[in-house]
1. Within the stretch 54-74, is even one residue in the same structural domain as Ile261 (by TED's automatic domain parsing), without any contact (Cβ under 8 Å) to a residue 40 or more places away in the chain and within 16 Å of the ligand (Cβ to nearest atom)?
2. Look at Lys162 and say whether it is free of Cβ contacts under 8 Å to residues at least 60 places away in the same chain, farther than 23 Å from Asn111 by Cα and surrounded by fewer than 16 Cβ atoms within 10 Å (Cβ to Cβ).
3. Can you name the number of the only condition in (1) at pLDDT below 95; (2) surrounded by 13 or more Cβ atoms within 10 Å (Cβ to Cβ) that Pro431 fails?
4. From the list Gly176, Gly180, pick out the single residue that is touching a strand residue (DSSP E or B) at 6+ places or on another chain (Cβ under 6 Å) and within 21 Å of Lys130 (Cβ to Cβ).
5. Does any residue of the stretch 300-312 turn out to be closer than 19 Å to Cys380 by Cβ, crowded, with 20+ Cβ neighbours inside 10 Å and touching a residue at least 60 places away in the same chain (Cβ under 8 Å)?
6. Give me the pairs: first residue in the stretch 94-123 and within 23 Å of Pro192 (Cα to Cα), second residue assigned to a helix (DSSP H, G or I), beta-carbon distance under 6 Å, and six or more apart or on different chains, which are they?
7. Against the definition (over 23 Å from Asn203 (Cα atoms), part of a helix (DSSP H, G or I) and either at pLDDT 95 or above or out of contact with any Phe, Trp or Tyr (no Cβ under 6 Å at 6 or more places or on another chain) (or both)), how does Ala119 come out, yes or no?
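The values are calculated or read from the model by the stated rules, or taken from the named source; none is laboratory data. Note that this is a predicted model, so its numbers are computed, not measured. As a convention, Cβ positions derive from the backbone with ideal geometry for all residues, glycine included, and neighbour counts pool all protein chains shown.
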Amino acid sequence: MALFEQAYCRHVDSTFRAAGFLRLLLLLIICGLPGTIEASSWPYQDETPAQRDARMAWWRQARFGMFIHWGVYAVPAGTYKGKRINGIGEWIMNQGKIPVAEYKRFAKQFNPVKYDPDAWVRLAKEAGMKYIVITSKHHDGFALFDSNVTDWDVVDATPYGKDLLKPLAEACQKHGVKLGFYYSQAQDWCHPGGAAVGGHWDNAQDGSMDEYIQNIAVPQVKEILTHYGDLAVLWWDTPQNMTVERANMLQPLINLQPGIITNNRLGGGYQGDTETPEQHIPATGYKDRDWETCMTMNDTWGFKSYDNNWKSTETLIRNLVDIASKGGNYLLNVGPTAEGEIPQPSIERLQEIGRWMKVYGNSIYETTASPFTRLPWGRCTKKMFINGATLYLHVFDWPQDGKLLVPGLKNQIQQAYLMANLKTLKISSEPQGVVVQLPKQPLDEIDTVVVLKVAGPLDIEKVLPTQDAKGAVLLLAEMADTSTGDYSQFKTVTLDQTKLLDPGEHKLQIKPRKERWQPVNVRSITLEPVQ
Ligand code: H79
């Protein structure tokens, strides 16, 4: 399902050396069609690049944030009428086709007496997260704040009866963590006229979407932008049925929070400030666009009592590093219970990430993308200075022989040391690049960081992929000059066989033809000699 308009496709243009007969295997992700509408009232239209850099500065330095999905869906927690409902927990109303009146009754059991916003903010902060984005209203239309335009909010519809965002805003203020609000502007399954992916399933949902935007979304966005102090982010979601006209009713409201950062999901052709790959890390990041991967720790955003498919701390830390190495942010989700507790497995993982960040955080914060194409043993982040640079080498796979090759690096190395204990490392400049002599064992099994300080402007020779022992060449999208998309269906495509007559250098180009524009997202290409 192509939900978003901002899917992209760029050509893959890679050079490789190979000889003999080759079979081409292409793994593709087919995304939605790109939007064509031009939006006009983007408030930051006249910003200079310097003004934009200043506005985005904190966000680019932050690299790591917490997403919080919380609402009435935490009551059924994935189960409706004794049946486990497939899919993500916050979609249970839609997936279970639960009538509005019946769904609203769950609110009577939403009583988060254990809610401790100060502890939540400390948890985020100690994990190394610099900002929090919480669902002020998700697709079910339920507001976590006291809204004057509806009774479908935490104050009027639940036994708890108190605004949940106020104390969170205060705790964020107190601990110096930035706060953002997620707001589902288009989908709203409880207010008449709100959109619903898959269509309405209850007459109570029918109505005019224009009126819904006018009477619910617009005043509510005003409320969240004016009642909670400084807001850092406004996070739109799913631009279902959003036209330019509808988007134009909402977009100017962000002027209520000067400097606020918004994402690309408003709809109506607005690109916003950030790209938002969901549940995946793009192969190469996005050229000339700020971006943020949002991701769950298990398989749901909103709490599901039986989802125990937790990602390991290793995966989460390496994801953060992978994202930073591509110049993006990681917005990692927690889904608290109806009682107001963040699940214990989430807490444990965040604490473990925090322990790593205490030692290695400076290899993440304020860094920019790796200057190398894909590194075989891990990732690289960097900081640029006037007369040199610091390279942070994130070693995931510790070399058996202790020799870490930094391919193509030509610079003079001023210093090489282990970030955790400042121990100096021996280095040598070889024709293939710089070789760093590592100790036998990694200091951290997940990611040990080696720091290289180099003089002068970065001088890195691009290293072309070579044939392996079987003569095959693997070209990953990470190696290519690509831009990847968003929502996606995965599809494996086997291309034809091809014959390369001459040994030596060949050029493989994969390009969608302009006249038949198909947004594709190439994840990897394998060339194999035919037996
Ligand atoms: O808030 C989280 C999700 O609820 C929201 N975005 C993140 C941040 C989101 N909205 N839509 N989607 C994600 C993708 C929707 C996928 C769908 Fe389905 C496929 C909707 C219907 C089919 C997943 C599977 C949800 C129900 C079944």
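1. As a first pass, look at the stretch 54-74 and keep what is in the same structural domain as Ile261 (by TED's automatic domain parsing): 54-74.
This time we only want the ones that are without any contact (Cβ under 8 Å) to a residue 40 or more places away in the chain, so: 54, 57.
Filter once more, so that each one left must be within 16 Å of the ligand (Cβ to nearest atom): none.
Within the stretch 54-74, not a single residue is in the same structural domain as Ile261 (by TED's automatic domain parsing), without any contact (Cβ under 8 Å) to a residue 40 or more places away in the chain and within 16 Å of the ligand (Cβ to nearest atom).
2. no
3. So the condition that Pro431 fails would be (2).
4. Answer to the check: Gly180.
5. No, the stretch 300-312 has no match at all.
6. Val100/Ala204; Tyr103/Met93; Phe106/Val72; Ala107/Val72; Ala107/Ala157; Phe110/Val72
7. yes
Each row is one residue, and each column tells you yes or no for (1) under 23 Å from Leu316 (Cβ atoms); (2) more than 24 Å from the chain's Cα centre (by Cα); (3) of a type in the set (Val, Ile, Thr); (4) not in a helix (DSSP H, G or I).
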position: Lys97; (1), (2), (3), (4): no, yes, no, yes
position: Val133; (1), (2), (3), (4): yes, no, yes, yes
position: Asp140; (1), (2), (3), (4): no, no, no, yes
position: Phe145; (1), (2), (3), (4): no, yes, no, yes
